Amino acid sequence: MEIYLLCLAGLAGLLLVILISGIRFIPNNRIGVVEKRWSFGKGSVKSGLIAVNGEAGYQPQVLRGGLHYLMPVQYVVHVMPLVTIAQGKIGYIFARDGRQLEPSQVLASNVEVQDFQDVMSFLKDGGQRGPQRRILREGTYAINLVQFIVITEERVFSLPMSREENEVILRMAEVIKDRSGFRPVVIKDTDDMIGIVTVHDGPSLGQGEIIARVVGDDPADAGTYHNKFQDADHFLKAGGHRGRQLQVLVEGTYYVNRLFATVEMINKTIIEVGNVGVVVSYTGDTGADLSGTEYRHGELVSKGNRGVWSEPLLPGKYAFNTYAGKSTTVPTTNIILKWIRNEVGAHHFDENLTEVSLITKDAFEPNLPLSVVVHIDYQKAPLVIQRFGDIKRLVEQTLDPMVSAYFKNIGQTRTLIQLIQERSAIQQQASMEMKEKFAHYNLELEEVLIGTPSSPIGDTQIETILTQLRSRQVAAEQVETYNQQEKAAVKERELREAESRAQMQTQMTEAELNISIQSNQGKADYQRSIQQAAQIRALAEAEAEKIARIGVAQALATEEQVRAYGGPQFQVTQQVLNRFSDAIQQSKVDVVPRIMVSGGGEGGSASGSIMEALLTMLLSDRYSNLAGESDRTDRSPEAEAMRQQRIESM
């Protein structure tokens, strides 16, 4: 009995343990994936992976955070993490169960599926197995990780089933990573880039098509609005095809499923000022020819059609898909083409051009350098591109042979000297005659410039001719210089003569002025002299009268002195002696000689000197007689009158 009770208690304890084991606790940051081991009366899942009808297998519902009670042993709960997609990241979904993909499908359609967290709705609404077109944006999701595998940049959320499946999922993650698929497509406005989209799902392009046309994407039509390839199902519903798309992505952020479409970044088409872009479209409908009946070099079509667009792209920036067409830049400014070796114009259309080889009339073979200025009307740019493909081909295949032939013909009609001397005339002639030729190719010829002919390499004949011409010209210039110098000398002589005449004229003028001045001065002097003469005459008369009076007085005095001294003879003797004494004093002659020389005499004594002889002669008796005669002479009446007048005046 006791044993029975013990067994019963043990059985009850075991049953209690089993019952308690049915309690499941799921943390709030986790989910529980339920696996049913058996089912009474329903058996196992007959198709697929998820038991949608209560069969044994993985159940579609998941357990959220909290306590849950499940039949022990019958159910197994796999605790899995919540799926978290970080901000600005993308998560990719791979469904293990669902309808099979159509032959044209690469990704599973999600047109009717709205939520990957409801497995029952996903399967009942026709959800397909495989990689899904819809992606997960940032957020946290309670996803059944048996039905869905979520691939993120950080990890893969999944309940592993097999090694082979894990390898497939890892390869898919590598593909997404290589396409930068875990991050949205971000196009910055500062980068001047656009995105070229290539769709990898949907029906293929038709025969002859190389790029898919723009479909849907009209916000007014919600059924076909795919929002720049971010809604793959609506894109395909609108009639989109796989392949490279004509529609491009411009500035913005785009959450594009990289398994559905890849994005290639290319530069915008920039048409600089002074240029236009001629578009050759590879896609579109066949349009009507707009070039006219006389133009038989191709067809111009309206914008959007296949062919050469009649309207060029004006300066600006364009989101032009270079896979759908080609934009050829045509300069509308003047183009300088140089037929000169090692010299290239700014547009580099002439990098293969060289000097034109000529044969002149006198059998010289110079190389002629040329420069041609050409202009293309922007409205005619499509015609030029349609006819030649690009400008460089036009230059090398048409303009080069045409210009070379023209100047070869010019060279044959002129000698080397004429070719050099008539350069300006040849330029004008070429500009006029070649305008029509250029206009035939829808070009406007602005100007033709000719350089100096040069010799081929190793030939010096032209340089010799030019040297002779320079020498001849130098000689001619020297002759002209001498002629000019001669004329200059004549002019200089004339100038000097004129200057001399001018100077003489000045002197003559000054002389005339001096003569006039002197004449005036002479007249003034004459008048002054008359006045002075009168004054002098008056003074002379006064002085004469004075002198006369003085003379009379002196005469009377003299007479009285003579009379007092013994007469005139004595007065003369006195004057002679006075002068004689003055002469002896001035000549410094000794009055008494230091050596006495006497005449011969007896006893050797001097009988007298010369001085004594002189004095003796002067004082001789004859002198005395003369004096006596003078005393006896009576006074003249005039003297007496003067003496009397003096006495009266005294």
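The values are calculated or read from the model by the stated rules, or taken from the named source; none is laboratory data. Since the structure is predicted, the reported quantities are computational estimates derived from the model, not experimental observations. Here Cβ is always computed from backbone atoms with ideal geometry, including for glycine, and neighbour counts include all displayed protein chains.
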Single unsatisfied condition, SER180 versus (1) among the polar types (S, T, N, Q); (2) touching an Asp or Glu at 6+ places or on another chain (Cβ under 8 Å); (3) in contact (Cβ under 8 Å) with a residue 12 or more places away in the chain: (2)
VAL186 within 24 Å of ARG96 (Cα to Cα) and not polar (S, T, N, Q): no
Scope the range 119-150; condition closer than 23 Å to MET80 by Cα and either under 60 Å from the mean Cα position of the chain (by Cα) or free of Cβ contacts under 8 Å to residues at least 12 places away in the same chain (or both); matching residues: SER121, PRO131, GLN132, ARG134, ILE135, LEU136, ARG137, GLU138, GLY139, THR140, VAL150
Unmet criterion (only one of (1) free of Cβ contacts under 8 Å to residues at least 60 places away in the same chain; (2) surrounded by 11 or more Cβ atoms within 10 Å (Cβ to Cβ)) for ASN483: (2)
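Yes/no per residue for (1) in contact with a Gly (Cβ under 9 Å, 6 or more places away or on another chain); (2) over 30 Å from ASN367 (Cβ atoms); (3) free of Cβ contacts under 8 Å to residues at least 60 places away in the same chain; (4) aliphatic (A, V, I, L, M):
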{"residue": "SER471", "(1), (2), (3), (4)": "no, no, yes, no"}
{"residue": "VAL474", "(1), (2), (3), (4)": "no, no, yes, yes"}
{"residue": "LYS491", "(1), (2), (3), (4)": "no, yes, yes, no"}
{"residue": "GLU494", "(1), (2), (3), (4)": "no, yes, yes, no"}
{"residue": "LEU513", "(1), (2), (3), (4)": "no, yes, yes, yes"}
{"residue": "ILE536", "(1), (2), (3), (4)": "no, yes, yes, yes"}
{"residue": "ALA540", "(1), (2), (3), (4)": "no, yes, yes, yes"}
Verdict on ILE359 being hydrophobic (A, V, I, L, M, F, W, C) and surrounded by 15 or more Cβ atoms within 10 Å (Cβ to Cβ): no
Residue count, the range 446-461 (criterion: within 15 Å of ILE417 (Cα to Cα) and modelled with pLDDT under 75): 1
Residue within the range 420-432 that is crowded, with 17+ Cβ neighbours inside 10 Å, touching a residue at least 60 places away in the same chain (Cβ under 8 Å) and either under 30 Å from LYS326 (Cβ atoms) or touching a strand residue (DSSP E or B) at 6+ places or on another chain (Cβ under 8 Å) (or both) present: no
Residue in the range 16-41 that is modelled with the highest pLDDT, counting only those that are farther than 21 Å from GLY98 by Cβ and of a type in the set (D, E, K, R): ARG30
Any hit, the range 373-384, residues being surrounded by fewer than 18 Cβ atoms within 10 Å (Cβ to Cβ), at positive phi, not assigned by TED's automatic domain parsing to the domain that holds GLN245 and not acidic (Asp, Glu): no
Residue match in the range 391-413 (condition: more than 21 Å from VAL344 (Cβ to Cβ) and part of a loop (DSSP other than H, G, I, E, B)): yes
Residue within the range 241-256 that is out of contact with any His (no Cβ under 8 Å at 6 or more places or on another chain), surrounded by 15 or more Cβ atoms within 10 Å (Cβ to Cβ) and over 23 Å from THR322 (Cα atoms) present: yes
Boolean, SER471 is in the same structural domain as ILE410 (by TED's automatic domain parsing), more than 33 Å from the chain's Cα centre (by Cα) and over 30 Å from THR333 (Cβ atoms): no
Elements of type strands (runs of 3 or more DSSP E) in the range 1-110, at least 1 residues being surrounded by 18 or more Cβ atoms within 10 Å (Cβ to Cβ) and in contact with an Asp or Glu (Cβ under 8 Å, 6 or more places away or on another chain): 30-36, 57-63, 75-81, 83-85
